[in-house]
Amino acid sequence: MRVNVSPRKQNAPRPAWKVVKAFHQWLRGRQCAADGYGLCDGVMQAAHVDHAGDKGMGTKVSDRFALPLCAGHHHLQHLRGWATFERECLGGKSAVAMADTYWSAWPGRHQWEIENGR
């Protein structure tokens, strides 16, 4: 029996004001936010905190709501979900608050906000 499988529907492209590639690059140079709560391994990645607020139907949350996680912790976050990950791997800290702290610390934030009217 052959099953007809439709190709996966692609999400709509994200608006330019949600994309901050320079911030992602800066995040990848930081230490894993979950360091000290288990072994870190792999390359640093920008993990989007999808419950941060401006996620739309079919779109990802803004890049400003991301924090640095090693590949191992990022995978674990996807397996466990944010609530469990915050409790077990971030020492009970809020991922949204942590993402805000990283965004505030990014040296390019002020210029980006001026250029993007934010």
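Rule-based calculations on the coordinates, nothing more; no lab input. Keep in mind it's a predicted model, so treat the numbers as computed, not measured. Cβ coordinates were reconstructed from backbone atoms using ideal geometry, including for glycine residues, and neighbour counts include every protein chain displayed.
Please report, to one decimal in angstroms, the Kirkwood hydrodynamic radius of the stretch 25-118 built from all distinct Cα-Cα pairs. The partial results should precede the final answer.
Working: mean 1/r = 0.0731 Å⁻¹.
Final number for the Kirkwood radius of the stretch 25-118 is 13.7 Å.
Could you sort the peptides 23-35, 82-94 by per-residue average Cβ neighbour count (10 Å cutoff), highest mean leading?
On the way: 23-35: 17.5, 82-94: 15.3.
Most protected by this proxy first, the peptides run 23-35, 82-94.
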